[in-house]
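Before any comments, here is the structure.
The values are calculated or read from the model by the stated rules, or taken from the named source; none is laboratory data. What you see is a predicted model, and the numbers here were worked out from it, not measured in a lab. Cβ atoms come from the backbone with ideal geometry, glycine included; neighbour counts cover every protein chain shown.
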Amino acid sequence: RAKEQGRNRFCFYTQDLNRQAVDKLEIEVALSHALSRGELLLHYQPKVCTTTGSIVGAEALLRWRRNGELVPPGRFIPIAEQSSLILDIGAWVIDEVCAQQARWRAQGLDMPQIAVNVAARQFAAGQLDTVLSEALHRHGVPPQCLELEVTESMLMDRPAESAAMLRRLKELGVSLSLDDFGTGYSSLAYLRQFPIDALKIDKSFVDHIETGPEGCAIVDAVIALAHRLGLTVVAEGVETTGQQAHLRAQGCDVLQGFGLARPMPLGDFEALCSRGALLGASSQL
Ligand code: C2E
Ligand code: MG
Ligand code: MG
Ligand code: MG
C-alpha cells in the first residue's frame, strides 16, 4: 500500500514538473516571436526629486501584450533571462528608449532621462557598450538621455571584467545605477571600485521604514554612507506618505514607487510630464 501511495505521489510530482516545464517552454516559444510580432512595449515609472517634487527620470519597464492581454513581467522576464532571448530583447529595449528619446526631441519635448534594466546575461555577454553606442548613434541622441540599472550580483560575478565594462559604459556618457541595493551581499566599501552614479535602495528595506526604529536604521545608514561616497540615492517601492516623509527627512534624493506613480503607458507618462511636478517642494511638507 505504501508502495502504491509512493508511486502515486511520484506520479503527481512528475506531472506537476512536466506541467511547469511545458508552460515554460510554451512561454519561451511564444516569446521568441514576440519581438518580430511587435508584441513588446515599455511602460514608464517616474522617478521624483524629493526637493523639487519634479520628475527627474523614469524607469522603462518591459511589457508583453500577448493576444491582447498583458503577461505579468514575473511570468516572462525570468524565462527570457534564462535563455539567450534576453540578448535580443534587451537590445530592443535600449533601441526603443533611444528611438523614443529621438521622437521626443523631434517634437520639441523636454523629457527626462530614461533608465533601462540590464539582465545579468546581457551584461556578461560583453557587448553592451557596443549595443548601446550603436543605438545612440542610430537615433542621434546624446548619452545623457539614458541610464542603465545593473545589480550587485551581476558585478560580483566577475568583478574585474564588470568594472572594465562599467568604465566603458561610463566613458560613453550614460548614467549608471545599482538596482535592488541591499539584496546582494556586497558592502558599499566594496562597491566603490565600480563607477556608479546612483544607488537604488531595494523595496524590501523601504517596506520596513514604518515598522519602527530598527526598520529605519538600515535605510538611514545607507543614505548617509552613500552620500559620503558621492552617490545619488533613490528609494524604490515607496508606497506610503509615511515612507515619503521619512525618506525626504533623511535626505534621500529621489523617490520611486506606487505611492508617487505606477508604471504607465507612454501616453500617460507624456501627459504626466507635461503637467509638471508630482510632489510639492520639500519646504511644503
Ligand atoms: P526592478 O528593476 O527592481 O523594477 C521595479 C519593479 O517594482 C517593477 O516591477 C515595478 O513595477 C515594481 N514597483 C515599483 N514601485 C512599486 C511599489 O511601490 N510597490 C510594488 N509592489 N512594486 C513596485 P515589474 O515592472 O514587474 O518588473 C519586475 C522586474 O523585471 C524589474 O525589477 C526588473 O528586474 C525586471 N525588468 C523589467 N523590465 C526589464 C527589462 O527591460 N529588461 C530586464 N532585463 N529586466 C527587466
Ligand atoms: Mg530596475
Ligand atoms: Mg529595482
Ligand atoms: Mg527591486
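Condition (residue is part of a loop (DSSP other than H, G, I, E, B) and either farther than 20 Å from residue 46 by Cα or within 16 Å of ligand 1 (Cβ to nearest atom) (or both)) applied to the range 266-277: is it met by at least one residue?
Scanning the range 266-277 turns up no residue that is part of a loop (DSSP other than H, G, I, E, B) and either farther than 20 Å from residue 46 by Cα or within 16 Å of ligand 1 (Cβ to nearest atom) (or both).
In the range 260-281, which residues are under 20 Å from the mean Cα position of the chain (by Cα) and among the basic types (Lys, Arg)?
262
Listed here are the residues, each with its yes/no results for (1) of a type outside the set (Gly, Ala, Ser); (2) buried (at least 19 other Cβ atoms within 10 Å of the Cβ); (3) away from ligand 4 (no atom under 16 Å from the Cβ).
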{"site": "97", "(1), (2), (3)": "yes, yes, yes"}
{"site": "106", "(1), (2), (3)": "no, no, yes"}
{"site": "109", "(1), (2), (3)": "yes, no, yes"}
{"site": "114", "(1), (2), (3)": "yes, yes, yes"}
{"site": "156", "(1), (2), (3)": "yes, no, yes"}
{"site": "198", "(1), (2), (3)": "no, yes, no"}
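Can you tell me which residues in the range 58-68 are more than 16 Å from ligand 4 (Cβ to nearest atom) and either surrounded by 15 or more Cβ atoms within 10 Å (Cβ to Cβ) or at pLDDT 95 or above (or both)?
Once the filter is applied, which keeps residues that are more than 16 Å from ligand 4 (Cβ to nearest atom) and either surrounded by 15 or more Cβ atoms within 10 Å (Cβ to Cβ) or at pLDDT 95 or above (or both), the range 58-68 yields 63, 64, 65, 66.
One residue is enough: does the range 110-126 have a residue meeting the conditions touching a strand residue (DSSP E or B) at 6+ places or on another chain (Cβ under 8 Å), in a helix (DSSP H, G or I) and within 16 Å of ligand 2 (Cβ to nearest atom)?
Yes; the residues of the range 110-126 include at least one that is touching a strand residue (DSSP E or B) at 6+ places or on another chain (Cβ under 8 Å), in a helix (DSSP H, G or I) and within 16 Å of ligand 2 (Cβ to nearest atom).
Anything in the range 193-238 that is assigned to a loop (DSSP other than H, G, I, E, B), under 23 Å from residue 259 (Cα atoms) and over 15 Å from the mean Cα position of the chain (by Cα)? List them, or say none.
Result: 207, 208, 212.
In contact with an Asp or Glu (Cβ under 8 Å, 6 or more places away or on another chain) and either within 12 Å of ligand 1 (Cβ to nearest atom) or among the aromatic types (Phe, Trp, Tyr) (or both): is that true of residue 45 in this structure?
Yes.
Which residues, taken from the range 158-189, are exposed (fewer than 14 other Cβ atoms within 10 Å of the Cβ) and of a type in the set (Phe, Trp, Tyr)?
Correct list: 185 only.
Given the criterion touching a Lys or Arg at 6+ places or on another chain (Cβ under 9 Å) and part of a strand (DSSP E or B), identify the matching residue among 148, 178.
178
Hey, can you tell me all the residues within the range 22-51 that are assigned to a loop (DSSP other than H, G, I, E, B), at negative phi and under 23 Å from the mean Cα position of the chain (by Cα)?
Residues satisfying the conditions are 35, 39, 50, 51.
Which residue, of 133, 187, 153, 175, is out of contact with any Pro (no Cβ under 8 Å at 6 or more places or on another chain) and more than 16 Å from residue 118 (Cβ to Cβ)?
187
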